[in-house]
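The values are calculated or read from the model by the stated rules, or taken from the named source; none is laboratory data. Since the structure is predicted, the reported quantities are computational estimates derived from the model, not experimental observations. Using ideal geometry, Cβ is built from the backbone for each residue, glycine included, and neighbour counts are taken over all protein chains shown. The area values use the complete protein model at the heavy-atom level, side chains included, leaving out ligands, DNA and RNA. Shrake-Rupley method; radii C 1.70, N 1.55, O 1.52, S 1.80 Å.
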Amino acid sequence: MSVERILDDVVTAAFSPSGSRLLLMPHPSFGASVRVVSWPDLTLLHELTTAVLGEDEGFDLYGCFLSESRVALSVFEAPPLVCTAELRPEGRIVLPPEYEAATPVTMFGFPENTLGIDLLLADGTWASTVWRVP
């Protein structure tokens, strides 16, 4: 096995379904932008900064492709942000009332517009949920 360092200070969140693009989330200590790069040459294709978020919000470690044309991005203590694959915001994943006080902790993409979110509930328990994004 050969290992080669290719990126610093980012979290490699997910590959697109075709494997041609890579979603990079910012490491909490080093930056504030989400990027989509081509794979394997790492050419920057799209970038989104925290300027699109609320004043006290920042991107978390998790993100995933929902399809070739959409991504979901985790945001610290806020509902996940859904964007086009070009990182143009489309909206938030609104949690139902029973989860309003929950904090999304991890997020994983499944095939075609489906994602799993682990939620830390207000009472300190956890809920693993699966969401279909229209």
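Okay, residues lined up against (1) touching a Lys or Arg at 6+ places or on another chain (Cβ under 7 Å); (2) open to solvent by less than 30 Å² (accessible area, probe 1.4 Å); (3) assigned to a loop (DSSP other than H, G, I, E, B):
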site	(1), (2), (3)
2	no, no, yes
8	no, no, yes
17	no, no, yes
23	no, yes, no
29	no, no, yes
47	yes, no, no
61	no, no, no
68	no, no, yes
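Residue by residue through the range 124-134, note down the ones that are closer than 25 Å to residue 15 by Cβ and open to solvent by 40 Å² or more (accessible area, probe 1.4 Å).
Within the range 124-134, 128, 130, 131, 132, 134 meet the criteria.
Select from the range 79-123 the residues that are among the acidic types (Asp, Glu) and under 20 Å from residue 25 (Cβ atoms) and write down the one among them that is most open to solvent (accessible area, probe 1.4 Å).
Only one residue tops the list, namely 90.
Could you grab the pairs with beta carbons closer than 7 Å, sequence gap of 6+ or different chains, first residue in the range 102-127 and over 29 Å from residue 18 (Cα atoms), second one open to solvent by 20 Å² or more (accessible area, probe 1.4 Å) and acidic (Asp, Glu)?
Hits for this filter: 103/77; 126/118.
Output the residues belonging to the range 110-122 that are of a type in the set (D, E, K, R) and closer than 20 Å to residue 78 by Cβ.
Within the range 110-122, 118 is the sole residue that qualifies.
Which pairs turn up if I take residues in the range 3-21 that are among the aromatic types (Phe, Trp, Tyr) and look for partners that are at pLDDT 85 or above and surrounded by 13 or more Cβ atoms within 10 Å (Cβ to Cβ) with beta carbon separation below 9 Å, at least 6 apart in sequence or on another chain?
Close Cβ pairs (under 9 Å, with a partner that is at pLDDT 85 or above and surrounded by 13 or more Cβ atoms within 10 Å (Cβ to Cβ)) amount to 15/21; 15/22; 15/23; 15/39; 15/65.
I'm trying to understand the selection: among the residues of the range 40-78, which are acidic (Asp, Glu), under 14 Å from residue 25 (Cα atoms) and over 9 Å from the mean Cα position of the chain (by Cα)?
47
Among the listed residues 87, 81, 61, which satisfies the condition of being touching a His at 6+ places or on another chain (Cβ under 6 Å) and not aromatic (Phe, Trp, Tyr)?
It is 87.
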